[in-house]
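One structure below.
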Amino acid sequence: MSDLSVAIIIPVKYFNLNLEKAIQECLKLDYANFELLVFPDEINAGFIPFEGKIRIIPTGNMGPALKRDLALEHSKADIFAFLDDDAYPEPNWLNKAVKHFKQQEIAAVGGPSVTPLESSFAGMASGYAFASVTVSGPYTYRYVPGSKIMEVDDYPSCNFLVRREIFAKLGGFDSSFYPGEDTKLCLEITKKLNKKIIYDPDVLVYHHRRDSLNRHIKQIENYATHRGNFAKRFPETSRKIAYFVPSLFVGLLIIGAGLALISLVMKSVYLACITFYSAIIAANAVWVLGTDKQISFFKKLALVIPVIIFIIVTHITYGIFFIKGLFLKQLKEEKSD
């Protein structure tokens with residue numbers, strides 16, 4: 001399948017060190033027939049010129065979804081491979097992904113986005129929080145390699161490959177949504193065109209997480225608000241129990257606190273529930289850190305408390321902003337964090 005041409009699409013605000021890393025790693029891919037299109041707002045002072053397969057196309061100030069759509073104007077490649085500027089691929093990324101396009105019913109392919117070892121301390125805590133089952137539930141395969149190849153109906157655009165003809169037929173991403181444009185596209189692929197999206201654990205990229213708790217919270221706010229709104233507008237892929245659980249947790253947290261103020265029995269029950277919840281979160285943080293064989297015992301020990309904090313904050317933030325999204329009539333267009 002190496003005869004299929006691939007365009008790697010990276011939207012970015014401005015040149016940065018993560019983008020430089022992404023470009024360098026893309027140039028190591030063991031796939032011959034590809035080009036790399038980078039869409040910055042402008043060519044800033046930190047830009048490092050590259051030659052060969054790379055085209056830098058300044059766009060002016062526009063959001064990521066619109067930049068990804070520009071691939072239709074600038075490339076005739078058979079496959080569009082979307083990558084975030086703070087992500088970089090394994091050398092066999094394209095070879096592992098392109099083989100799935102032998103089957104015509106497969107329109108798109110995605111794979112895990114793993115937190116790289118060189119991440120900042122906060123970035124690693126964020127990454128392990130995402131990788132924990134208490135945060136991502138049945139979707140942990142998006143952050144750590146899953147055990148099998150499977151069909152999915154929704155997948156993030158940070159590691160997402162789609163046939164150009166499919167992308168063009170659907171008019172690209174819906175730029176009214178950011179984040180969330182990928183969910184809308186996947187919904188149209190699976191429900192409107194009745195095509196398949198495949199997850200392959202070997203189609204792997206490394207994805208830097210937010211480098212502070214505040215930036216992590218802002219990201220979760222955006223995700224939760226959009227998912228809450230999508231649960232109302234696009235129930236086929238977004239009205240799932242897992243997305244409602246954090247809001248249920250926040251509701252019980254508030255109601256329980258109120259009852260604890262008026263009843264000693266309820267106070268005891270409430271404290272017992274909080275203790276049980278904390279124990280589960282702590283155990284999950286220890287477990288998810290323990291599964292990573294590439295970091296030292298002492299680094300794992302140092303990360304336990306931060307990961308617990310990131311998980312708890314994620315639950316509360318998501319729960320609140322998912323409800324906000326449910327009640328919003330219209331989302332802000334191209335909102336960035």
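The values are calculated or read from the model by the stated rules, or taken from the named source; none is laboratory data. Quantities reported herein were computed from a predicted structural model and do not represent experimental measurements. Neighbour counts run over all protein chains shown; Cβ positions are idealised from the backbone, glycine included.
Before moving on, here are some points about what is shown:
- Flag for A231 being loosely packed, with under 12 Cβ neighbours inside 10 Å, under 22 Å from R142 (Cα atoms) and within 19 Å of the chain's Cα centre (by Cα): no
- Any chance E165 is assigned by TED's automatic domain parsing to the domain that holds A77, among the acidic types (D, E), surrounded by fewer than 22 Cβ atoms within 10 Å (Cβ to Cβ) and over 18 Å from D200 (Cβ atoms): yes
- Residues in segment 142-171 that are under 19 Å from the mean Cα position of the chain (by Cα) and either of a type in the set (D, E) or part of a strand (DSSP E or B) (or both): 9 in all.
- Residue satisfying condition, being of a type in the set (V, I, T), out of contact with any helix residue (DSSP H, G or I) (no Cβ under 9 Å at 6 or more places or on another chain) and farther than 18 Å from G319 by Cα, within set I254, I295, I262: I262
- Checking each residue in segment 217-251 for being touching an Asp or Glu at 6+ places or on another chain (Cβ under 9 Å) and under 18 Å from V313 (Cβ atoms) picks out K218, Q219, E221, N222.
- With respect to the conditions (1) over 11 Å from the mean Cα position of the chain (by Cα); (2) surrounded by fewer than 23 Cβ atoms within 10 Å (Cβ to Cβ), E181 falls short on a single one, namely (2).
- G171 vs. criteria on the phi > 0 side of the Ramachandran plot and either surrounded by 20 or more Cβ atoms within 10 Å (Cβ to Cβ) or at pLDDT below 95 (or both): yes
- Residue pairs whose Cβ atoms lie under 8 Å apart, separated by 6 or more positions or on different chains, with the first residue in segment 301-330 and modelled with pLDDT under 95 and the second in a loop (DSSP other than H, G, I, E, B) and among the aliphatic types (A, V, I, L, M), are G325/L331.
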